[in-house]
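Reviewing the structure listed below.
The values are calculated or read from the model by the stated rules, or taken from the named source; none is laboratory data. Predicted model, so just to flag it, every value in this text is computed and none were measured. All Cβ positions, glycine included, derive from the backbone under ideal geometry; neighbour counts span all protein chains shown. For the accessible areas, the whole protein counts, side chains as well, though only heavy atoms, and no ligand, DNA or RNA atoms are used. Shrake-Rupley method; radii C 1.70, N 1.55, O 1.52, S 1.80 Å.
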Amino acid sequence: MTLLQSLAEKWMLITTPYTAPEAQAGRFRAHQLNACLRLAPWVLLANTLNSGFVLWLFLTRANTTISAYLPVAWMLLVLLTSALGLQRWRLMRRGEVRNTASLRTLSKFTRNAAISSALWALFFAGTYPHMDPMGQKITIAIAVGMICAGGFVFSSIPRAALSYVLIMALGFDIGLLRDGVSQESVSLSILLVGYVTLVISTIFSMAQNMGARLLAETESARQAELVGLLLNDFENNTSDWLWELNAHAELEHVSVRMAEVLGRSKESLLGVHMHALFKDLLVRPSPDEEDALDKLRACLEDARAFKRLDVPVYLAGELQWWSLTGKPLFGEAGTLVGWRGVGSDVTRARQDSDAMNRLANFDSLTGLANRHQFQQRLSALVGSPCTLLLLDLDNFKAANDQYGHAT
C-alpha cells in the first residue's frame, strides 16, 4: 500500500461520521446529501449576491491593470456552478429524493464543493492585494462569512465541508501573504488559522451528531419493525387479541381478531366506549357480572392498570368470559393519552373453575351444599348468635343400600 493510498483511507475514515454496513451506509449517504440540498437555494442565492458584490468591489476599489474581463469571466463561472446546484435542488423538489447514494456520488458532490471553493479562493488570492484598505476589510468580512456558512451548510458531508473551508482559507491566506509580509498580514493569517480550526471542530461535532442520529433512527426503525412482526405473529397464531383506547376510553385501534370474536366490523367498533361495549353485551346481568363490569369502569375512570380482569359477554346466546389486561399511557405532561391492552377468551377455564367449585362445595347427587361448605359457613358464624336446624331421615341407609343412589 502506497503512502497516498494510506492517506486516502485515513481521510475517508476521518470524514465518515458513522460505521455501518453498506446497505445502511447507502441510506445514510442519501440523508447526508439531501440535508445539503435542502439548503441549496439559500447557498446559491448568497453565492450569486456575494459574487456580484465582490465584482463591483473589485471594479470600483481595485488599483490594478488586470483586465475587467477576467473578474467577469470568474463571476460567470460562479453563476454556472450555482445553476448546476440549483438544477439538482429542483429535481429534489419534484420528488426525486435519493433513498440511497454511493460513495461516488458523495465524491462528486465533494468535488463540486471544492471547485466552487477554488473559484472563490482564486478570486481572493488574486484581488485582495489590489484592493484599497476599505475594500480589503469588506473582502475579509465576506471571506470569513463564506467560510463559516460553507462549513455549516456542508457539515452533513464532512469531506465536502473540509474541502470547501480549507481551500477557501488557503486562497485567502495566499492573498494576505501576497499583500506583503507585515505585522498586520501575519496577525490576520494567525487569526484565520484559529478561526478555521474552530470551524473544522464544529464541522466534526455536527457530523458526529448527525451520524449518531442516523444510527439511532435506524435502530428505532428496526425495533419498530420487529415489534410489528411480533404483534402480527401474535394476532395470527394465538386466540388473544389487541386493543387500544384513546384518553376517553373509546376504542381507537381494533385488531382483526377482536372484530372477529365480536362478530362486528372494525369500523363499527371504533369510537365505542370500552365499558359501554361490554355492558351492551350483557343480558339480565347477575350481581357477579355487574361487579366485574364495575371493576373495569373504575379502572378506566381512575387510569389504573389492570391485569387478567374477567368480564362477562353474551355472544350467540351464550355467556362467555373474557380476560382483559390493560395499561394506561401518559404523555410528557403526565396526562392520560390512551390505553393499550390485550384480551383473551377464558370461558373454558372459567367453566372448569366453576365445575371444580361445584364439586368441592355441592353434593353431586342432590345438588345441595355438602359437608365442606357446611363447615365453612359454620366456621364463619363462630362467635355470632345462630340457630342450627338438623333434619334426619330414619332408615335412609337401608333404603339407599337396597335401591341404590340412582333411585
* Close pairs from the stretch 304-318: first more than 11 Å from Leu281 (Cα to Cα), partner in a loop (DSSP other than H, G, I, E, B) and open to solvent by 20 Å² or more (accessible area, probe 1.4 Å), Cβ under 7 Å, at least 6 apart -> Asp310/Val346
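Conditions (1) free of Cβ contacts under 8 Å to residues at least 12 places away in the same chain; (2) within 21 Å of Gly135 (Cβ to Cβ), marked per residue:
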{"residue": "Tyr164", "(1), (2)": "no, no"}
{"residue": "Met168", "(1), (2)": "no, yes"}
{"residue": "Val181", "(1), (2)": "yes, yes"}
{"residue": "Ile190", "(1), (2)": "yes, no"}
{"residue": "Ser201", "(1), (2)": "yes, no"}
{"residue": "Phe204", "(1), (2)": "no, no"}
{"residue": "Ala207", "(1), (2)": "no, no"}
* Structure fact -> Inside the stretch 162-210, the number of residues satisfying the requirement of being among the aliphatic types (A, V, I, L, M), open to solvent by 80 Å² or more (accessible area, probe 1.4 Å) and over 16 Å from Ser117 (Cβ atoms) is 6
* Asked: Restricting to the stretch 324-345, what's the tally of residues that are of a type in the set (Asp, Glu) and assigned to a loop (DSSP other than H, G, I, E, B)?
  -> 1
* Please determine, by comparing only the residues of the stretch 314-335 that are open to solvent by 20 Å² or more (accessible area, probe 1.4 Å) and among the hydroxyl-bearing types (Ser, Thr, Tyr), which one is farthest from the chain's Cα centre (by Cα). => Tyr314
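So which residues in the stretch 235-286 are among the polar types (S, T, N, Q), part of a loop (DSSP other than H, G, I, E, B) and out of contact with any Leu (no Cβ under 8 Å at 6 or more places or on another chain)? Can you show your working first?
Restricting attention to the stretch 235-286, the residues satisfying the condition of being among the polar types (S, T, N, Q) are 236-239, 246, 255, 265, 268, 286.
After this cut, where a residue has to be part of a loop (DSSP other than H, G, I, E, B) as well, the list is 238-239, 255, 265, 286.
Listed by number, the residues that qualify are Thr238, Ser239, Ser265, Ser286.
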* **Close pairs (7 angstrom Cβ cut-off, 6 or more residues apart or separate chains): among the polar types (S, T, N, Q) and surrounded by fewer than 21 Cβ atoms within 10 Å (Cβ to Cβ) in the stretch 109-133, modelled with pLDDT of 80 or more and outside any loop (DSSP other than H, G, I, E, B) anywhere** => Thr110/Arg159; Thr110/Ala160; Thr110/Ser163
* Unmet requirement for Arg94, which otherwise passes all of (1) modelled with pLDDT of 65 or more; (2) open to solvent by 90 Å² or more (accessible area, probe 1.4 Å) -> (1)
* Structure fact -> Going through the stretch 134-162 in order, the residues found to be touching a residue at least 24 places away in the same chain (Cβ under 8 Å) and of a type in the set (D, E, K, R) are Arg159
